[in-house]
Amino acid sequence: AAQQRGANDKAIQIQIARAYMLQRKFDKVLKELKDDVTDPKIRLQVLLTRGRAYLGINELKDAEQAFTEAEKLKNDDIQPKIGLARILAVQNKVKEAEAKIDAALAIKADSAEALVLKGGIRRLNRDLEGAVQAFDQAIKASKNNLRARLGRAAALIDLNKDVEAEADLQIVFQRSRKHPLANYLSALSLAKKKDFSGAQEAIQRGGPSL
């Protein structure tokens with residue numbers, strides 16, 4: 001009974017830590033999950049949450065350690081691989097990052113999260129057509145995924161396919177007219193057409209984050 005209570009308490013701590021993650025209060029996440037855990041299932045969630053928090057404060061070495069431990073604990077879970085791929089992308093290790101994402105997709109081919117990251121990595125490497133293909137697959141897997149829509153719009157604008165990009169931006173605007181990144185991309189597209197007043201309006205609509 002005491003062991004079960006301990007497991008329940010730790011599960012509650014994980015939920016609290018995830019709430020802090022949504023608020024980007026990464027130090028509080030790490031404080032909440034500072035103690036070690038032996039239960040394999042709970043330990044996996046603790047390691048993943050720690051890894052994401054360390055990544056949030058750019059402590060890449062600690063993030064890598066957490067995700068690597070999580071990967072060893074459950075090699076057929078895609079989340080540790082996605083975490084490690086994010087670290088590699090931040091370090092501009094593009095080939096290694098895509099290889100790690102491909103390992104995740106070998107486990108779950110329709111993971112929108114992994115496909116969006118793959119698109120982002122390809123765009124980082126200026127493989128714009130490849131990026132669009134990855135975002136296409138992500139949208140096929142999850143048509144309401146705004147990150148996939150925004151990623152594809154950005155790659156299409158890079159390819160001077162602004163009309164196609166506009167379709168994705170409009171879907172994002174239907175959900176949030178003031179979405180900062182969508183308005184930034186819209187402003188970029190409008191500026192390319194020399195519609196500078198429209199671009200300025202988009203920037204203002206996106207708010208102070210732009």
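The values are calculated or read from the model by the stated rules, or taken from the named source; none is laboratory data. Values in this document were obtained by computation on a predicted structure and should not be read as measured data. Quick reminder, even Gly has a Cβ in these numbers, built from the backbone with ideal geometry, and neighbours come from all protein chains shown. Note: areas computed on protein heavy atoms with side chains; ligands, DNA, RNA excluded. Shrake-Rupley method; radii C 1.70, N 1.55, O 1.52, S 1.80 Å.
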Counting only protein chains, not ligands or nucleic acids, how are GLU69, GLU64 ordered by accessible area (probe 1.4 Å), most first? GLU64, GLU69
Expressed in nanometres to one decimal, the distance between label points 7 Å along Cα→Cβ at LYS31 and VAL94 is 4.1
Sorted list, accessible surface of protein heavy atoms, 1.4 Å probe, largest first, for ARG24, ARG123 is ARG24, ARG123
Simple spin-label model, 7 Å along Cα-to-Cβ: ALA106 to ASP136 in nm? 2.5
Could you put THR49, THR38 in order of accessible surface area, largest first, with the 1.4 Å probe and the full protein assembly present? THR38, THR49
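Counting Lys and Arg as +1 and Asp and Glu as -1, each charge on the Cβ, what is the dipole of region 137-210 about the Cα centre in debye, to the nearest 20?
On the way: 13 positive and 7 negative charges, 52 e Å.
Rounded to the nearest 20 debye, it is 260 debye.
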Each residue of region 172-184 in turn: what ³J(HN,Hα) in whole Hz from Karplus with 6.51, -1.76, 1.60 and θ = phi - 60°, glycine and Pro shown as x? 5, 5, 4, 8, 7, 5, 9, 4, x, 5, 4, 5, 4
Quick calc, the chain, dipole around Cα centre from Cβ unit charges on Lys, Arg (+) and Asp, Glu (-), nearest 20 debye, gives 420
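Expressed as a rounded percentage, what relative contact order does the chain have, with Cα pairs under 8 Å and six or more residues apart?
9
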Spelling out what I want: for every residue of region 17-25, take phi, set θ = phi - 60°, compute 6.51 cos²θ - 1.76 cosθ + 1.60 (Karplus), and round to whole Hz; glycine and proline get x. 4, 5, 5, 5, 4, 4, 8, 6, 9
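Pairs to check: LYS95/LYS193; LYS25/LYS118; LYS10/LYS41; LYS61/LYS100; LYS93/LYS118; LYS72/LYS93. Give those whose C-alpha atoms are more than 23 Å from each other in this structure. All intermediate terms of the calculation are to be shown ahead of the outcome.
Numbers: LYS95/LYS193 35 Å; LYS25/LYS118 27 Å; LYS10/LYS41 11 Å; LYS61/LYS100 17 Å; LYS93/LYS118 13 Å; LYS72/LYS93 21 Å.
Pairs exceeding the cut-off: LYS95/LYS193; LYS25/LYS118.
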Could you give the length gained on full extension between ASP77 and SER197, defined as 0.36 nm per residue of separation minus the Cα-Cα distance, in nm? 38.4 nm
What ³J(HN,Hα) values, in whole Hz, does the Karplus curve 6.51 cos²θ - 1.76 cosθ + 1.60 give for region 101-115 when θ = phi - 60°, with x put for Gly and Pro? 5, 4, 5, 5, 5, 5, 8, 9, 5, 9, 6, 4, 4, 5, 5
Simple label model, 7 Å out from Cα along Cβ direction - ARG18 to PHE173, nm: 3.4
Pair-distance profile P(r), taking every C-alpha pair of the chain, with 10 angstrom steps and integer %: 9, 27, 31, 22, 8, 2, 0
